[in-house]
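Asks: One structure, pasted below without further comment.
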Amino acid sequence: MKKLLYIVFLLFLFSGCKKLDKEPLGPTDIRVRNLSDVVMNELTVETGGGTNNYGTLNAGAVTDYYRFEKAYPKANISAVINGQKYKTDTVLYYYMQYLGQVKATYEVYIESEAQKKLKISNVVMESPLK
């Protein structure tokens, strides 16, 4: 009897997981806002669903949107600032909730000049994709 209850429980558990697979992963339109007071060159974003080089982003400015297959609240971002390469901590996307079919903005700043470290301070959910 215990074995039968265990099997029913597992079937129930796995049937509930299938619903998550039906939710769309993306696409997701991402742009970047530079919260620092310096120019970011060769600004590159990798979201777990693609990579894009946004080029140069002036202080306080925002890029155009770029469409990714999917995106998460964190991303691997790098940029060249005053000739030095800065980047966020490496992101592993396991167990993260994807953003879904939206337009979103990663707000990025320099967390540590000594360690050449960038950080996403906020992800602004702009609007659903149409």
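Asks: Looking only at the range 118-130, which residues are assigned to a loop (DSSP other than H, G, I, E, B) and either within 11 Å of the chain's Cα centre (by Cα) or basic (K, R) (or both)?
Replies: K130, the sole residue that qualifies.
Asks: Another one. In the range 37-95, which residues are among the charged types (D, E, K, R), in a loop (DSSP other than H, G, I, E, B) and within 14 Å of the chain's Cα centre (by Cα)?
Replies: Answer for the range 37-95, where residues must be among the charged types (D, E, K, R), in a loop (DSSP other than H, G, I, E, B) and within 14 Å of the chain's Cα centre (by Cα): E69, K70, K74, D89.
Asks: Determine whether the range 27-48 contains at least one residue that is more than 15 Å from V80 (Cβ to Cβ), modelled with pLDDT of 95 or more and among the hydrophobic types (A, V, I, L, M, F, W, C).
Replies: Restricting attention to the range 27-48, the residues satisfying the condition of being more than 15 Å from V80 (Cβ to Cβ) are 27-31, 33, 35, 37, 46-48.
Still in the running and modelled with pLDDT of 95 or more: 27-31, 33, 35, 37, 46-47.
Within this subset, residues satisfying the condition of being among the hydrophobic types (A, V, I, L, M, F, W, C) are 30, 35.
Yes, the range 27-48 contains at least one residue that is more than 15 Å from V80 (Cβ to Cβ), modelled with pLDDT of 95 or more and among the hydrophobic types (A, V, I, L, M, F, W, C).
Asks: Something else now. In the range 52-97, which residues are of a type in the set (S, T, N, Q), under 15 Å from I120 (Cβ atoms) and surrounded by 12 or more Cβ atoms within 10 Å (Cβ to Cβ)?
Replies: Answer for the range 52-97, where residues must be of a type in the set (S, T, N, Q), under 15 Å from I120 (Cβ atoms) and surrounded by 12 or more Cβ atoms within 10 Å (Cβ to Cβ): T63, N76, S78, T88.
Asks: Let me ask another. Quick one: in the range 96-117, which of the residues that are charged (D, E, K, R) and in a strand (DSSP E or B) is nearest to N58 (Cα to Cα)? Can you show your working first?
Replies: From the range 96-117, those charged (D, E, K, R) are 103, 107, 111, 113, 116-117; that's our starting set.
Narrowing further to those that are in a strand (DSSP E or B): 103, 107, 111, 117.
Values: K103: 21, E107: 13, E111: 17, K117: 18 Å.
Selected residue: E107.
The values are calculated or read from the model by the stated rules, or taken from the named source; none is laboratory data. Given the structure is predicted, the values throughout are model-derived calculations rather than measurements. All Cβ positions, glycine included, derive from the backbone under ideal geometry; neighbour counts span all protein chains shown.
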